[in-house]
Structure formats: C-alpha cells, structure tokens
Amino acid sequence: MADGKKSGGSAPPLSGVAPRLGDLLRAPTGPVDLSAIDTAGTPGFTGAGKADAKSLAKPIGRQLAELQEMLYAEGRAGGRRSLLLVLQGMDTAGKGGTVKHVLGLVSPMGVHYHGFCKPTVEEREHHFLWRVRRQLPPPGIIGVFDRSHYEDVLVVRVHHLVPDEEWSGRYDVINRFEAELAGSTRIVKCFLHISADEQRNRLRSRLDDPAKYWKYNPDDVTERTFWADYQRAYSDVLDRCNTEAAPWFIVPADHKWYRDWAISQLLGEQLRAMALSWPTAVDWDPDQERARLDGDQP
C-alpha cells in the first residue's frame, strides 16, 4: 500500500507498545496447527497482568484517538486511505468485547462497524462478496467487521451449505479481492484464538447471570459439537489467505485483558505504519484569514 504524503507533525509512538507486536502475532507461513498455539499466552506483554494492562488503557487510548483523527482528517482532505479491522473467532472469543473496549477508545465518528449475520434472502441472491463490498470503509474511516467474508469458507464449509468445490474455490477469490482492496485500505485480520474450556466458562457465565441471558444463544452449544471441524476450517483459512497484502494475526483470547491490549497495540502499530500526518494543504491563506478574523466586529 502506498503511503500518503506527510504534511504535518506525525503521531508519536504509542505508550507501552511492544516492538513489532505484529511480528509476534503474525500467522506462520504454511499449515497452521492451532493446537500448538497457546490460547492463554500473552506474547509481547511485559507487565504483571490485568492490572498493568488496564493502567495502559488511557495513554494508549489517547494516542489511538490521535492516529484515528489523523486518518479521518486525511480523508476529509481528499485522501483515499482507510483501515479495515476484521475480527474472526469462535462464539464468545470476544469480537464484540474488542469493539467495545478497543474501538471505544476512538471517536465513533471515524468508525464504521458492521456485524455479519446469516445472509438475508437478498444477500443470498448475489455473489458472496456483494454484501461485504457494501460495508467497506470509505476514505478516512476505520472499518470493523464482526465476522466477515470468511464466514463463507467457515460456516458454509462446516455445515455443508454449498458443494465442496464451491467453497474451496473461494480462497483464491478472497485473496484477489483483498489484494485489490489493499491498494487503498490497510487490512488487519485478527483471529481471536480461544480454548474450548474457556468458551464453556463464558457460556456458563451467561447462564448464571440473568443480566446476560440476552447474550446467550442455545445454538452456541450446538455449534460446540463442531469444534474440531471449525478448528480445521480456521487452520486452512490462516494458511490459504495469509498474504502480504492482508496478513492474519493470531491473538490469544482466553484472557480478555490481553486480547484487548494486543489488538489496541496492533491497531496502533498498523496506523503508525501508514505514516499518517495532519494535512495542511489548503486553498486559503492562513495569514489573510487571521487578519479577517481579527478585524471582524460582530
């Protein structure tokens, strides 16, 4: 992706960011054995735990907000770039929690969120990428996909909703789509890696608290019977669609505090890599406008 021209002061590094966290979380090249990746790991985090991560939230949030505002300002000034955060993971892995705790650190004015549910009748009448293209972030915006086009090689595969030859041909289609998109949009794909035991604990907590009943779906327990099938499907996604244009990051998600910390850092790292700066090119003269303002007598 081409970087934009610098036209003002750029944002300072994020507080508490581990150097190149993306390198630590990047999915390996080739076949991915998810069972070998610790779902309770904390790669790159040097603090003592949840309390230390929480203490970093405010300074990280301030700098994320500045980076996001720079991207928004660039878009308002005619820039073409945006960023797309793709969140995938098993039920309860924390897609919604990430949106709340990480994207909640920046201005909602500069965020476009979309959660992909079961396709509607209209959506099923179109190519599987049709509904995805309609939700892509415009220039200057951070887009967030809670689930995404990858559902069409995950749920569709596990539940045999289309013939094998149809879903298996979608990996290349997705790679071409993302390569095209990467010309103007930085794509950050995060797989929230949770264990079956931790998922059981989170589902049980919803049953034990009436205030969480609204979050519980009996189908989630049914889906647990397909756990091994989903793990194989995700392993193939992480292998087949892990490109330079749109790499996958595997985020251990058993610890919610680490998940939020890691994605905050990763998002900041990706925004900084865009070399964002404040646009200063304008079609008016600042000195003349200052003089006009000083002489203004309402």
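The values are calculated or read from the model by the stated rules, or taken from the named source; none is laboratory data. Just so we're clear, the structure is a prediction, and the values are computed from it rather than from any experiment. Please note: Cβ atoms are built from the backbone with ideal geometry, for glycine as well, and neighbour counts cover all protein chains shown. Side chains included, ligands, DNA and RNA excluded: accessible areas come from the protein's heavy atoms. Shrake-Rupley method; radii C 1.70, N 1.55, O 1.52, S 1.80 Å.
Brief remarks on what is shown
- From the options A40, A48, A93, residue that is touching a residue at least 60 places away in the same chain (Cβ under 8 Å), hydrophobic (A, V, I, L, M, F, W, C), surrounded by fewer than 16 Cβ atoms within 10 Å (Cβ to Cβ) and assigned to a loop (DSSP other than H, G, I, E, B): A40
- Residue within segment 34-53 that is under 30 Å from R232 (Cα atoms), of a type in the set (A, V, I, L, M, F, W, C) and out of contact with any His (no Cβ under 9 Å at 6 or more places or on another chain) present: yes
- Pairs with Cβ under 6 Å, 6+ apart, first in segment 106-129 and under 21 Å from L64 (Cβ atoms), second assigned to a helix (DSSP H, G or I): V106/L64; V106/A65; V106/Q68; G110/Q68; G110/Y72; V111/L103
- Pairs are defined by a Cβ separation below 9 Å, a sequence spacing of at least 6 or placement on different chains, a first member in segment 188-216 that is among the polar types (S, T, N, Q), and a second member that is part of a helix (DSSP H, G or I); the pairs so defined are Q199/D220; Q199/R224; Q199/W227; S205/K212.
- Among the residues of segment 201-216, those that are of a type outside the set (S, T, Y) and under 24 Å from the mean Cα position of the chain (by Cα) comprise R202, L203, K215.
- Pairs with Cβ under 6 Å, 6+ apart, first in segment 153-180 and farther than 18 Å from P247 by Cα and without any contact (Cβ under 8 Å) to a residue 40 or more places away in the chain, second open to solvent by 20 Å² or more (accessible area, probe 1.4 Å) and hydrophobic (A, V, I, L, M, F, W, C): V156/V162; V156/W167
- Some residue of segment 274-283 being part of a helix (DSSP H, G or I), within 27 Å of E66 (Cα to Cα) and open to solvent by 40 Å² or more (accessible area, probe 1.4 Å): no
Residues checked against (1) hydroxyl-bearing (S, T, Y); (2) open to solvent by less than 50 Å² (accessible area, probe 1.4 Å):
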{"site": "G89", "(1), (2)": "no, yes"}
{"site": "L105", "(1), (2)": "no, no"}
{"site": "Y113", "(1), (2)": "yes, no"}
{"site": "H126", "(1), (2)": "no, no"}
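- Failed condition for I60, given (1) assigned to a helix (DSSP H, G or I); (2) open to solvent by less than 30 Å² (accessible area, probe 1.4 Å); (3) at pLDDT 95 or above: (3)
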